[in-house]
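Beneath this line is the structure, given in structure tokens, with notes to follow.
What follows is calculated from the coordinates using simple rules that are stated; it is not laboratory data. All values reported here derive from a predicted model rather than from experimental measurement. Cβ atoms come from the backbone with ideal geometry, glycine included; neighbour counts cover every protein chain shown.
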Amino acid sequence: MVKKKLMMLVSLMLVLSVFLAACGKDKEKVEGVEKEKPGSEKIEEVEKTEEPSFPVDVSNKDAVLEDGELVYGLVSSDPFKGTLSPVFYQDAYDAELLRFFAEDLLAVDGDYLITNDGAATYDISDENKTITIKIKDGVKWHDGEPVKASDLLYSYEIMGHPDYTGMRFDFPTTNIKGMTAYHQGKADTISGITISDDDKTIAIAFETASPSILSGVWTAPTPRHYLGDVTKGEITMEELESSDKIRTKPIGFGPYKVVKVVSGESVLYERFDDYWGGKPNLKSVVLKVVNSASVLEALKKGEVDIAKFPTDQYLNAKDADQFELLGRLGLSYTYIGFNLGEWDKKNKINIMDSKAKLADKRVRQAMWHAMDNEVVGKEMYHGLRIPATTLITPAISFRDDENKGRSYDPEKAKALLDEAGFVDVNGDGIREDAEGKEFVLNFLTMSGGEVAEPLAKWYMQNWEEIGLKVVLLDGRLHELQAFYDMLETGRPDIDIFQGAWKTGSDPDPSGIHGRESVSNFSHYTSEKNDELLAAGVSEQAFDVDYRKDIYNQWQAMMVEDVSLAPTLYRYDLEAVSKRVVNYSIDPGSPNYAPWMWGVTK
Amino acid sequence: MLKFILRRTLIMIPQLFLLSLIVFVLAKAMPGDAITGAFAGDPNATEERKEELREKFGLNDPWYEQYGRWIGNAVQGDFGSSYMYKQPVTTLLAGKVGNTVLLALFTLIITYIIAIPLGIVAGRWTDTWADKLIVTYNYFSFATPLFVFSLLMLFLFSFILGWFPIGGSVDIKIEEGTWDYIVSKMEHLFLPVMSGALLATFGTIQYLRNDIIDTKLKDFVKTARAKGVPERKVYTKHILRNSLLPIAAFLGYEIAGLIGGSIFIESIFSYPGLGQLFLTSIGARDFTVVTALVMILGTATIIGTMLSDIILSIVDPRIRVE
């Protein structure tokens with residue numbers, strides 16, 4: 001019996017030591033972060049590391065293998081939803097699935113502006129209020145039927161339908177003439193849309209002229225003959241949404257057709273021989289869900305050829321032989337926002353409060369200058385994020401490259417605070433506000449990912465160094481839903497908040513910064529802002545140079561007024577096997593289109 | 001016996017109602033709703049559109065009205081529609097429940113196949129090297145996180161040795177209904193099942209071992225030995241029958257636990273089942289799915305415990321005395 005006890009003790013200690021080892025590791029991690037305090041040595045060391053640069057095209061230039069097969073990894077910890085219809089899908093994963101078999105009629109260039117290179121051509125007339133889209137000959141659905149103008153009309157009829165509950169009913173679709181009446185059920189048809197007699201041309205008239213249609217006009221048709229017509233009562237909206245015809249047997253007019261869907265885990269595509277653009281290079285494509293924890297091994301093993309690569313595993317992947325990493329600055333930016341007022345729920349406008357805690361813009365400017373984003377980008381994100389300069393992302397050419405934003409400069413920050421009258425009155429090392437009262441800011445930030453907490457702490461230290469006291473709201477990080485809920489319902493004790501925006505391809509920033517936008521969480525308003533935002537989407541702004549000038553002015557104004565301080569731009573990475581050819585992640589490249597992709601062995 | 005089952009079933013009804021009420025109220029108390037969930041971080045969504053949708057789904061009504069509507073439909077088998085998946089919840093769950101049940105069932109069977117013999121060996125031959133080995137294994141399996149262990153299994157058997165597929169529930173290229181299809185399903189099930197089962201054994205082994213050790217010293221065993229019953233029979237007839245009692249009692253809980261507790265396994269092996277669905281729908285505030293799932297898990301637990309009680313009352317006549 002004694003012997004047995006001893007054995008138990010040994011086992012127990014073994015188990016304990018495993019636990020303790022695990023604890024010890026965690027502790028080290030925390031300490032490691034704390035060590036990253038801006039000690040001068042550390043920064044010098046950082047500056048020596050090279051900033052990574054990534055190609056956007058694959059290096060493989062060999063001849064395409066005829067009838068090859070490609071495996072596309074959908075990196076996700078969840079099964080995909082599989083709502084395979086452009087008007088009904090909700091999330092970015094389903095968008096990846098759609099890309100192989102569904103297309104927009106109009107192609108876009110590197111700036112995401114529509115071109116005439118796709119399955120249709122366009123023409124803008126009537127003082128820029130009407131766009132006429134003409135479908136090219138030989139564009140066919142996967143069942144052999146021609147793609148008709150009335151199929152595109154059908155997309156509009158679904159999105160505007162009173163029963164439609166999806167996410168795609170937004171600007172500029174809502175700006176179509178007669179759309180409001182149709183949406184409210186007062187009209188059976190959308191008066192602003194006309195179809196030609198041969199059913200090849202569609203003219204869409206908008207209420208107001210806006211250059212947003214150049215990047216935002218909806219051109220993905222929906223196969224009316226295949227799905228059934230909701231406007232004629234052949235099928236109800238609910239039946240259509242959950243129909244097998246958009247879940248397991250969808251059709252499109254893209255280069256590959258869906259052969260089989262295993263719900264939530266994989267899709268098998270096959271070449272569509274009648275594709276309007278030419279003969280797709282691959283005979284078949286298999287798309288399967290891969291967990292982000294195993295995607296690196298799957299790529300190394302050749303189980304997966306292409307995958308959007310999780311950036312937190314970059315260090316383990318950058319020297320792999322089996323695949324290469326393509327990278328491009330994406331359409332999103334991270335920001336620190338300042339609460340400057342409130343959302344007036346009744347009148348649906350933002351009201352800026354001149355008595356807000358952070359009403360003095362010099363304090364906001366100082367807080368931007370105090371953040372050392374260079375170190376954040378290099379140390380916490382291994383160079384995959386770079387300091388942001390303005391509120392338009394570098395993925396679109398409307399960002400003003402000349403505008404350098406506010407770089408890391410703690411001395412300037414201190415000077416700005418002194419100037420604003422925020423000085424340390426009682427000698428505790430923390431500045432008081434202009435009236436000499438205690439000044440503490442509540443910081444709302446999102447949880448998620450290993451970096452979230454150290455990052456928040458890092459910024460709080462940065463601000464402490466210039467004498468500002470910042471504490472986490474409720475003493476902790478908040479989960480995504482709660483984060484947006486608090487900002488939307490307007491908790492008054494939030495002073496600053498950290499979030500990220502993915503902006504979409506239209507440079508118009510009014511969705512985030514407009515006086516009437518509920519997403520304007522800073523509640524920043526100004527007459528000049530209204531003017532510039534309006535000018536940016538005016539008819540005159542169809543002239544790209546004019547529009548660029550307007551947005552340059554706007555970016556400069558926001559660097560001055562700082563309602564949101566942009567902190568980081570981010571690289572999106574894709575891992576691509578070395579046997580893949582004709583593959584690019586640059587939307588301006590012809591190899592961006594899936595039908596060009598091929599394999600060489 | 002019939003009366004017992006009937007009574008237990010009747011008690012289930014108020015239990016389920018109470019559960020549904022609690023779940024519904026708690027779900028509503030979470031910040032945000034399906035609309036904020038879907039549109040979070042989407043600057044193009046206007047306030048009007050969001051309000052319009054909330055109105056359409058009745059999300060602005062007081063909770064008791066929403067609950068009344070929901071429970072009214074639920075008793076008729078209609079759990080509403082998922083906003084995230086754009087599908088009736090029943091259809092959505094029906095597509096996944098098969099995979100989860102398959103996974104849970106095989107995990108349970110394998111767990112018992114491993115655990116019961118090991119428990120018996122460890123209990124009967126206490127203090128031998130075999131017992132020590134089993135106890136050590138038991139501590140390891142108790143201490144190893146499922147997440148880490150599954151990844152380890154995946155790397156070892158799929159990536160390094162290449163014996164099993166890296167994920168999914170079936171090879172998409174294989175024709176449905178053929179023999180190959182079944183084989184492919186089994187191949188895909190093997191690693192997830194083994195990962196779950198090898199770690200799930202500790203409870204059963206521990207209970208069985210302790211109980212055998214206890215029972216060995218009981219008077220009736222001594223009596224049996226004194227009567228000259230052969231040692232083999234002492235174990236199979238007298239000790240085992242008693243020691244399996246707690247195992248039988250836990251069967252119901254095990255089933256419920258397996259259906260709800262496979263989140264990590266499903267995620268790592270990209271195996272589409274209910275566990276994953278549960279987590280994503282909470283994140284997206286897809287309440288219709290969350291409430292339906294909790295109801296399913298709750299029902300499974302309640303039925304599971306009832307099953308345990310019934311099994312117990314069959315093997316242990318003392319329980320039936322009321």
For B:ASP309, A:ASP244, order by how many other beta-carbon atoms lie within 10 Å, fewest first:
A:ASP244, B:ASP309
If you stretched the chain out fully between A:ARG476 and A:ALA92, how much longer would it get, using 0.36 nm times the residue separation minus the C-alpha to C-alpha distance?
135.3 nm
To the nearest 20 debye, what is the magnitude of the charge dipole of the range B:93-258 about its Cα centre, counting +1 on the Cβ of each Lys and Arg and -1 on the Cβ of each Asp and Glu?
940
Set the Förster radius R0 to 35 Å, insert the Cβ-Cβ distance between A:ASP197 and A:THR115 as r into 1/(1 + (r/R0)^6), and round the FRET efficiency to 0.05.
0.85
Inter-part distance where the range B:195-226 and the range A:547-580 are each reduced to a Cα centre, Å
65
Inter-centroid distance (Cα atoms) of the range A:129-166 relative to the range B:1-43, Å:
42
Anisotropy class of the range B:25-95 from Cα gyration tensor, a/c 1.5 cut
oblate
Compute the long axis of helix B:179-216 from its Cα atoms, compare it with the longest principal axis of the Cα atoms of chain B, and write down the angle in degrees, 0 to 90, nearest 10.
50
Taking the Cα atoms only, what angle lies between the long axis of helix A:410-420 and the longest principal axis of chain A, rounded to 10 degrees?
80
In nm, to one decimal, how far is the modelled label at A:ASP137 from the one at A:LYS301, with both set 7 Å along Cα→Cβ?
5.1
Could I have the simple spin-label model distance between A:ASN316 and A:ASP543, label points 7 Å from Cα toward Cβ, reported in nm to one decimal?
5.5
Treat every Asp and Glu Cβ in the protein assembly as shown as -1 and every Lys and Arg Cβ as +1, leave all other atoms uncharged, and give the resulting dipole magnitude about the Cα centre to the nearest 20 debye.
5600
Sort B:PHE157, A:PHE206 so that the residue with the fewest other Cβ atoms within 10 Å of its own Cβ comes first and the one with the most comes last.
B:PHE157, A:PHE206
Rank these for me by crowding, B:VAL294, A:VAL56, going from fewest to most other beta carbons within 10 Å.
A:VAL56, B:VAL294
Plugging the Cβ-Cβ distance of B:LEU10 and A:ASP244 into 1/(1 + (r/R0)^6) at R0 = 45 Å yields, to the nearest 0.05, a FRET efficiency of 0.65
Alpha-carbon centroids, the range B:274-295 and the range B:90-134: separation in whole Å:
27
For the pair A:ILE351/A:ASP428, report the inter-label distance in nm, with labels modelled 7 Å from Cα in the Cβ direction.
3.3
Charge dipole (the range A:83-246, unit charges on Cβ, about Cα centre) - positive-most of A:ILE124, A:MET167, A:SER150:
A:ILE124
Charges only on Cβ, +1 for Lys and Arg, -1 for Asp and Glu: so what's the dipole of the range A:331-572 about the Cα centre, in debye to the nearest 20?
280
Let me make sure I get this right: for the range A:119-210, a, b and c are the square roots of the gyration tensor eigenvalues over alpha carbons, sorted descending. Under 1.5 in a/c it's rounded, otherwise prolate if a/b > b/c, else oblate. Which is it?
oblate
Residues with amide H under 5 Å of A:SER526's amide H, sequence separation 5 or more or different chain, H placed in the peptide plane at 1.01 Å from N; which?
none
Working out 0.36 nm times the residue gap between A:ALA63 and A:ASP188, then minus their Cα-Cα distance, what length gain in nm do you get to one decimal?
39.7 nm
To the nearest 0.05, the calculated FRET efficiency linking A:ASP273 and B:ARG54 through their beta-carbon distance, R0 being 56 Å, is 0.75
By how many degrees, between 0 and 90 and to the nearest 10, does the Cα long axis of helix B:63-74 differ from the longest principal axis of chain B?
60
Once a ≥ b ≥ c are taken as the square roots of the eigenvalues of the Cα gyration tensor of chain A, is the result rounded (a/c under 1.5), prolate (a/b larger than b/c) or oblate (a/b not larger than b/c)?
oblate
For peptide B:159-169, the mean count of other chain Cβ atoms within 10 Å per residue Cβ is 4
Label zone at B:TYR181 (point 7 Å along Cα-to-Cβ), backbone N below 20 Å, the range B:266-287:
B:271-273
Along the charge dipole of chain B, pointing to its positive end and built from +1/-1 on Cβ of Lys, Arg, Asp and Glu, which listed residue (B:SER281, B:PHE269, B:LEU217) has its Cα farthest out?
B:LEU217
Among A:TRP141, A:PHE521, A:SER447, whose Cα lies farthest out toward the positive end of the dipole of chain A, if unit charges sit on the beta carbon of Lys, Arg (+1) and Asp, Glu (-1)?
A:SER447
Fully extended, how many nm does the chain gain between B:ASP61 and B:LYS222 (0.36 nm per residue separation, minus their Cα-Cα distance)?
51.1 nm
Partner chain coverage, peptide B:262-272 - average Cβ within 10 angstrom:
5
Local charge sum around A:ARG224 (other residues, Cβ-Cβ under 13 Å, Lys/Arg +1, Asp/Glu -1)?
-4
What the 10 Å binned alpha carbon P(r) of the range A:83-246 shows, as percent of pairs per bin from 0, is 10, 41, 39, 10, 0
Positive minus negative residues near A:ILE246 (Lys, Arg vs Asp, Glu; Cβ under 12 Å):
+1
Inter-chain shielding of A:167-173 (mean C-beta neighbours from other protein chains, 10 Å cut-off):
3
In the neighborhood of A:GLY73, defined by Cβ-to-Cβ distances under 9 Å, what is the net charge if each Lys or Arg adds +1 and each Asp or Glu adds -1?
0
